[in-house]
Amino acid sequence: MNKSISTLIFSLLSLIAILVMGIVLYSRESEVLFRIQEFSLFIPTHHFYETSTIYPGGALSWASAYMTQFFFHPGLGVSLLVGAWLLIAGLLIWNFRLQGPWAGLSLLVPLALLACLVQTGYWIYYMKLQGYIWVPTLAILICLVIQLRARHAHSWRRCVLLTFVAFFGYALMGVWSFLSVLLIATESIGKEKKSMTILTCGYALLLILLLPQVFYQWIYCQTEWSQLYLAGMPCFQYSHTDMPEYRYAYYALALAFVPIVYAQWKQESSLFASGVTTIFFVGMGVFGVCNRWYTDTNFHKEVKMANSIERLDWEDVLRTSLDNSMGDMMPPTRVMVMYKNLALFRLGRVGDEMFHYPEGSEQQHAPWEVKITQVAGKLIYYNYGKEQFCYRWCMEDGVEFGWSVNLLKYMIKSSLVTQDWEVARKYINLLKKTRYHRQWAEHYETFLYHREKMEEEEEFKPILPMSEFPDRLDGDMTLVEMYLLKTFSSGHGADKYYQEMTLICAMIMKDIDLFWPRFQQYVVMHQNEPNFRVPTHYQEAAYLYSVLEPQRPSIMWPGMTNEKALERIPFDPQVKQRYSDFMNFNQQCGSMTDEQKKTAFYPQFGDTFYYFYFLMRNQKTN
Amino acid sequence: MKKIFYAAFILFLTACGEASLPKEFETFDQTANIYPDYVDVTVPQNIAPLTFHIDDEGDEYISRLSDGTSSFTYEGRDVCPEIRDWKRLKGNISVEIYIRQGEKWTKTKTFQIYKSKDEIDPYISYRLIAPSYVTYEDLTICQRNLESYEEDIIYGNMINSDEKDGQCINCHAYQNYNPDRMQFHVRQAHGGTVIAYDGVLERIDMKTGKTVGAGVYPAWHPTEKLIAYSTNHTGQSFHTQSKEKIEVQDTYSDLMLYDIDRHEVIPLENDTNDLDCFPSWSPDGKYLYYCSAHYEMPDSTNGLSREYCMISDYKEIRYNLYRRTFDLKTKSFGKRELVYDAAADSLSATLPRISPDGKWLMFTVGAYGVFHIWHTDADLFLMDLSTQEIRPAQEINSENVESYHSWSSNGRWIIFSSRRDDGNFTRPFIAHMDDKGRLSKPFELPSKYPEYHRELMRSYNIPEFMSGPVTIRPQEFASKIRKDSIKAK
């Protein structure tokens, strides 16, 4: 085969593969990409730029944050990313003169870039580097463009260029600029005299070694010494946990240049040899991407459910909870359970359907302890009327992980609910400067100083009454669910939403003493409603507790025991029947362990409070 | 051809010159809404230009600043006078604002910026910190040239922090406005108190076991190499509903003196039931003012901790102002004297600071507690020390928080923290005081970009005047902080 034809074929294959990568990325990760965009922020002002550039590599991060905005439309964001990858592949072919099958090696860098992106998983909640999703892509693209421009510089001009690129590059791109320095320096190999090549490469290494020290001593006074050689790179440390596995994709990105540089020097290899080598390396690349792709079903469900909640699409939250098409079904995390309960609560179906969905407390699959405060705390607190705690965690996370659109949105909403109008205005004004969230901000701006408008708004209607309770000094110790369970289950409220939450939380806590007065209050508050009936799960709890403590004085019928009162409460026949069936089945399964029973009972009784009460134990709330 | 080019270039330059005022307009009887609010404020001659943003909606804006002899016109919603223009405006400045809506121009009511002859110290320093509760990340102690917008970092924590070992920095203070004699604290990684004194830099570990802990809130003796501190055991809890968001309390706090030369901590009397805090020297160094609250545990606590009890009683803990005489020869303090019994008025007074001429005592007052920066009712009060007469400083107070304050070296300016902009982020405001103790309307620290403070997600903490900039570089501080500390005796 003619070399130019094979170059064309492998270049085209590379191009097609990048397009396929984009399609797969979009189809599998669009919800995550949208969320990543929500966790980023770009404001087109002097101040934002200046704040971004107080660290080396800040300008790259700033530009990447700009590009990240476009994931508001995941299709557009992916298209731009794929466009950048295509450019990178083209530049690799051109700059390194990859001919014949070697042209296929141009796929290696986009593959590594894809791996950097799709491995992130729960780290999206902890990433401090603004615009990190675009950082490696932009950095590589800029390095290749510089290399392209520098190809024709020779001898001392190359050294001047090296100095220029290293100096400004480090300030603007951090350590990514060193790739540029290395690429420019290695261009001299084979083109210059050996002594000049050694001088150029030695000078490049000296620059890489010493320049950050110069910056440290004289320019950057906010960068720790050990971070000098990591400037512009994402940090994969949280508290005292180091997560080296996240760096593998970045190592792969660096290593991807090795076969490419090698190919540049082996232009004359046979088609077969170059073809086999290319296929081997690309295969390795594909294997690496598949290996690093974070496919955890619960993570993707959590992200999708959160996006749906923020769109007030409660039905979609429930559909996602049951969706089998998103990957292997596994027990849900507490975050998913809380999202599901919130959706049912908003739809007014929690009392009838709460246990119709999977229950569990699966830990998030991550190499560190993922906290609900970071993943879902703000959303949950906001929706349950705990606005000060929502605001607090926005502030804490904004300080620790950087400001984001999502945090500003919750700060706006929680400040509106607490009528902290002026600070809400501050955040609204910030969001109004963004490209894609101006409309959102203008919508919420209409509520400023207008509590009455908020009372009419579907989103605020259930939240406002739940946010009205007496002030006290408190703390959640970062345990969001436990805090809510404890405060609601011990709370009292005249509002229907609030009151029902106290009942639900008493049930989840399996606290009989707390349950009865809240059950009674629920009946009193609702009994005059047309077509009133006590939801099934509340009936099940009342029936079960009456049976469990027959001699306890009844709260529903003072002067009677529960046993006697049982006859007066008009339980649905099905509630009684299912309890009876449950107990009969329990006798049949007498010798089973609790774990065996959990599996055996689930098909018949998984949707009952009885199952939850007896068999869902030791769930780790957090 | 060249001539045509030059002519076109000159025409272009002319076109970029000052905007002309509209010839036809309607007059409006109200001043324009501008941010920051600089309407009728009094400023020192040597302050940087007051830039502002016009909040009123319009299609076009023209503003003119004039002092009778010079005038400058600006187009656009952001009015940003150049420093050289501003310096030429030596007298009181009249500000005219014209706003076009559609075809119609409106001239809003002219307002004044009064230029006082009293100069202000050229520098201030402050800590920039996000108003978070538990977490912190990027903390900087900064200095700002008041005559320009130049802001430098004196020391930032990130230079000595990583993910595993964070570092908190706080409580910068100076001896008599002297930037060569300063101190600040470093907590956690490489913790200690950094003291710079005429070129000598030390990091001191003040935990001696003689006091509750290391020194916290500092007060340099005006002339001697001595620093008084309160030493505090501080906790915080969160409001579930109140806009005040957080309650910071001391469960124990005492006073101590640190001798810089001898590296020695000298405790004052340690009464666990008296919560002494925020020391401040009189300008002659003969008195140490401070605030103190008395808290005794209830007889029956059912085993509850002091911290828990104090959280329950947080609204009952009120601070009074006291002072003690100081004998320089023996370095000993006299008995405490009550200066203001705030608790008797159901108030809590903190942060006493005396004017350099010794005539005025300014302090912060709230309904309860010690950490008034989170108390929306906190206001500044003034006591005339010759008559003991007390009054709220109404001219400078707002409906929101006013808290930390410090006097300029000539006693004519006060810089103070206020959250009046949005209730959450602290901004420094400056007000003029005349020789009769009358305060002018305060103005917000001017910024290069008028909306800078609207965008800034950090608070200004402890604004302090300085006679010049701190010249020690952050890297020098960082290097000293990494080295071994000196253990105080």
Within region A:441-461, residues more than 24 Å from A:Ala306 (Cα to Cα), in contact (Cβ under 8 Å) with a residue 12 or more places away in the chain and either among the small types (Gly, Ala, Ser) or not in a helix (DSSP H, G or I) (or both) come out as A:Leu448, A:Tyr449
Where residues in region A:216-229 are assigned to a helix (DSSP H, G or I) and surrounded by 19 or more Cβ atoms within 10 Å (Cβ to Cβ), which of them is modelled with the highest pLDDT?
A:Tyr216
Given the structure, is A:Val575 assigned to a loop (DSSP other than H, G, I, E, B), in contact with a helix residue (DSSP H, G or I) (Cβ under 9 Å, 6 or more places away or on another chain) and surrounded by 18 or more Cβ atoms within 10 Å (Cβ to Cβ)?
no
Mind listing whichever residues of region B:60-91 are under 24 Å from B:Glu455 (Cβ atoms) and part of a loop (DSSP other than H, G, I, E, B)?
B:Gly76, B:Arg77, B:Cys80, B:Pro81, B:Glu82
Kindly indicate whether A:Tyr410 is more than 11 Å from every other protein chain (Cβ to nearest Cβ) and surrounded by fewer than 20 Cβ atoms within 10 Å (Cβ to Cβ).
no
Go through (1) part of a strand (DSSP E or B); (2) over 21 Å from the mean Cα position of the chain (by Cα); (3) among the polar types (S, T, N, Q) for B:Thr330 and report which single condition fails.
(1)
For the structure I just gave you, tell me whether A:Tyr246 is more than 12 Å from chain B (Cβ to nearest Cβ) and within 34 Å of the chain's Cα centre (by Cα).
yes
Exactly one condition in (1) in contact with a His (Cβ under 9 Å, 6 or more places away or on another chain); (2) outside any strand (DSSP E or B) is false for B:His190; which is it?
(1)
Got a sec? Which of A:Ala139, A:Ala112, A:Ala89, A:Ala103 is buried (at least 24 other Cβ atoms within 10 Å of the Cβ) and within 27 Å of A:Phe299 (Cα to Cα)?
A:Ala112
Residue in region A:414-436 that is nearest to A:Leu464 (Cα to Cα), counting only those that are in contact (Cβ under 8 Å) with a residue 40 or more places away in the chain and surrounded by 23 or more Cβ atoms within 10 Å (Cβ to Cβ):
A:Val417
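Of all residues being assigned to a loop (DSSP other than H, G, I, E, B), more than 12 Å from the chain's Cα centre (by Cα) and more than 14 Å from every other protein chain (Cβ to nearest Cβ) in region B:386-408, which is nearest to A:Ser415 (Cα to Cα)? Just the residue, please.
Across region B:386-408, the extreme among qualifying residues is B:Asn397.
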Please find, within region A:418-440, the residue that is nearest to A:His450 (Cα to Cα) out of those that are away from chain B (no Cβ under 12 Å) and not in a helix (DSSP H, G or I).
A:His437
Positions within region A:180-215 being out of contact with any Pro (no Cβ under 9 Å at 6 or more places or on another chain) and within 14 Å of another protein chain (Cβ to nearest Cβ), in sequence order
A:Gln213, A:Val214
Considering only region A:217-229, I want to know if a residue exists there that is among the acidic types (Asp, Glu) and away from chain B (no Cβ under 14 Å).
no
Going by the structure shown, is B:Ser459 at pLDDT 95 or above, within 14 Å of another protein chain (Cβ to nearest Cβ) and either in contact with a Phe, Trp or Tyr (Cβ under 8 Å, 6 or more places away or on another chain) or surrounded by fewer than 20 Cβ atoms within 10 Å (Cβ to Cβ) (or both)?
yes
Wholly within region A:88-203, which helices (runs of 4 or more DSSP H) include no fewer than the required count, namely at least 1 residues that are at pLDDT below 95, over 23 Å from A:Phe70 (Cβ atoms) and of a type in the set (S, T, N, Q)?
A:135-150, A:155-173, A:176-187
Could you list, in sequence order, all residues of region B:87-143 that are small (Gly, Ala, Ser), buried (at least 19 other Cβ atoms within 10 Å of the Cβ) and away from chain A (no Cβ under 14 Å)?
B:Ser125
Given the condition touching a Pro at 6+ places or on another chain (Cβ under 9 Å) and acidic (Asp, Glu), answer yes or no: does some residue in region B:278-300 qualify?
yes
Could you check region B:313-336 and list, in sequence order, the residues that are crowded, with 19+ Cβ neighbours inside 10 Å and farther than 26 Å from B:Leu347 by Cβ?
B:Phe326
Filtering region A:145-176 down to residues that are without any contact (Cβ under 8 Å) to a residue 40 or more places away in the chain and either of a type in the set (Phe, Trp, Tyr) or touching a helix residue (DSSP H, G or I) at 6+ places or on another chain (Cβ under 6 Å) (or both) yields A:Ile146, A:Ala150, A:Ala153, A:Trp156, A:Leu161, A:Phe164, A:Val165, A:Phe168, A:Gly169
Just a yes or no: is a residue in region A:343-351 of a type in the set (Lys, Arg), closer than 30 Å to A:Tyr246 by Cα, in contact with a helix residue (DSSP H, G or I) (Cβ under 8 Å, 6 or more places away or on another chain) and surrounded by fewer than 24 Cβ atoms within 10 Å (Cβ to Cβ)?
no
For region A:380-387, check the following and say yes or no: at least one residue is surrounded by fewer than 23 Cβ atoms within 10 Å (Cβ to Cβ) and acidic (Asp, Glu).
no
When every residue in region B:153-193 that is at the interface with another protein chain (Cβ under 9 Å from one of its Cβ atoms) and among the charged types (D, E, K, R) is compared, the one nearest to B:Glu464 (Cα to Cα) is B:Asp162
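May I ask you to verify whether B:Glu444 is surrounded by fewer than 21 Cβ atoms within 10 Å (Cβ to Cβ), acidic (Asp, Glu) and either in contact (Cβ under 8 Å) with a residue 60 or more places away in the chain or more than 9 Å from chain A (Cβ to nearest Cβ) (or both)?
Criteria met by B:Glu444.
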Please verify whether A:Thr297 is without any contact (Cβ under 8 Å) to a residue 40 or more places away in the chain, under 19 Å from the mean Cα position of the chain (by Cα) and over 30 Å from A:Val417 (Cα atoms), treating the condition exactly as stated.
yes
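Matching residues to (1) among the charged types (D, E, K, R); (2) closer than 30 Å to A:Glu500 by Cα; (3) at pLDDT below 95:
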| position | (1), (2), (3) |
| --- | --- |
| A:Lys378 | yes, yes, no |
| A:Tyr382 | no, yes, no |
| A:Leu416 | no, yes, no |
| A:Arg435 | yes, no, no |
| A:Leu448 | no, yes, no |
Under 42 Å from the mean Cα position of the chain (by Cα), of a type in the set (Ser, Thr, Tyr) and farther than 23 Å from A:Asp352 by Cβ - does that describe any residue in region A:588-604?
yes
Go through A:Thr68, A:Thr7, A:Thr51 for me and flag whichever is modelled with pLDDT of 95 or more and either buried (at least 17 other Cβ atoms within 10 Å of the Cβ) or more than 19 Å from the chain's Cα centre (by Cα) (or both).
A:Thr68
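The values are calculated or read from the model by the stated rules, or taken from the named source; none is laboratory data. Every value quoted in this text rests on a predicted model; they were computed, and no experiment measured them. With ideal geometry, Cβ positions are generated from the backbone for all residues, glycine too; neighbour counts draw on all protein chains shown.
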